[in-house]
1. Can you figure out the FRET efficiency of residue 67 with residue 164, using R₀ = 56 Å and their beta-carbon distance, to the nearest 0.05?
2. If you count only protein heavy atoms and use a 1.4 Å probe, how large is the accessible surface of residue 139, to the nearest 10 Å²?
3. Checking the a/c ratio against 1.5 first, then a/b against b/c, what shape does the Cα gyration tensor give for the range 41-184?
4. If you average the sequence gap of Cα pairs under 8 Å that are 6 or more apart and divide by the length of the chain, what percent do you get for the contact order?
5. Tell me, what does the Kirkwood hydrodynamic radius of the range 137-288 come to in angstroms if you use every pair of distinct C-alpha atoms?
6. Considering Cα pairs under 8 angstrom that are at least six residues apart, work out the relative contact order of the range 68-110 and quote it in whole percent.
7. Amide H neighbours of residue 8 under 5 Å, counting only residues 5+ apart in sequence or on other chains, H built in-plane at 1.01 Å?
8. Under 15 Å from the Cβ of residue 125, count the other residues' Cβ atoms, weight Lys and Arg +1, Asp and Glu -1, and hand me the total.
Amino acid sequence: MSPYTAAIIGTGRIGFSLGFDKKREQPASHTMALLANKKIRLVAGADTDSERLLRWQKYVRGSLAFSTSDALYAAIADGSLQKPDIITVAVNEDAHLAECIKAIETKPRLVILEKPVALNTEEAQKIKLHAEKNCVPVMVNHERRFACDYRAAKEFMHKIGDLQFVRADLFSGLRVYSKEKESSGEYSLLHDGTHLVDIVQFLLRDFCPPNADRTQPLLLAPNVSGIFKDEKGDVRNFSARYETSSCPEVTITMSGRSKFFSFAVDILGTTGRICIGNGFAKFYTRQESKLYTGFYSLMKEKSVKLPKKTGYFANMVQNAVDFLDGKADLESPLDDAIADLRVLEAIKNYF
């Protein structure tokens, strides 16, 4: 079978250059992940930054480069570029709406959209309407869904008994929210918080009733506290607590005044625990205590074997291939990503 062809809109960090970060697990960008898959041939790219585009084209041999996405789509229209099967949109958040709609209207077999869907749910719904109208599926790159460690956590959750609490934390130095940055999305509630909310909802989804509407968020009606604002009025801290049908306490906490970056999820059940985040994954089960006679303690579960690589980006692209082959559903569908935005907006209403 001939390889699927792909084009990429945006050759910046997530689109291309993170693929050269020696500290990151590779592939770490859309370009590198597409190139690494033997069933995909990357044929074209577009970027308004001429220097970035030139570096990209030199690396992706045999590809065509375009100074704008409009120029790329014009080449498809006049036949000088065959319509790709996959169009990846990897531009800044404030351009997601326009660029994703243009990609959809070209009618590829699949659009891969970098997270978050858009700046807000109103824009996200416009993308959904265009996708449905043109019958073009859209997958959103919430990368942790595809990582082997988080997949292991999802499977292991059925071994820790009834859920008691979930705590998800994100600490960084970037403002959590700023009204002045609404139009650009340059705040962590949207930029990184979408990952935090998405992975919590992803892990909890299997504990919902089988007939639950997956277009609706699981985290509803937050109780938001601990709001801290700096001298500019930018939000730097908050904590949001939820009660769900599957877990009596889910807490999401974000800090934007930490001098480090940390992403972590702690899940406690009645017979086990999962602690997972950037660079670690620990699984515990109830076992006879080595410290106290007649008691049980949580001990590290040795049966869970994790590979050296999580495969977060490579697995995302493989899911795209499997979907086009008719072997699998999209594991990060547009509806789930829109539900994440709704959770973030409900929190933002408190600011």
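1. With R0 = 56 Å, the Cβ-Cβ based efficiency is 0.55.
2. 0
3. It comes out prolate by the Cα gyration axes.
4. The normalised contact order for the chain reaches 18 percent.
5. 16.4
6. 43
7. 44, 45, 46, 88
8. Residues near residue 125 contribute -3 overall.
The values are calculated or read from the model by the stated rules, or taken from the named source; none is laboratory data. The model shown is predicted, which means the values in this text are computed figures rather than measured ones. Note: ideal-geometry Cβ built from the backbone for every residue, glycine included; neighbour counts use all protein chains shown. Accessible surface areas use protein heavy atoms only, side chains included; no ligands, DNA or RNA. Shrake-Rupley method; radii C 1.70, N 1.55, O 1.52, S 1.80 Å.
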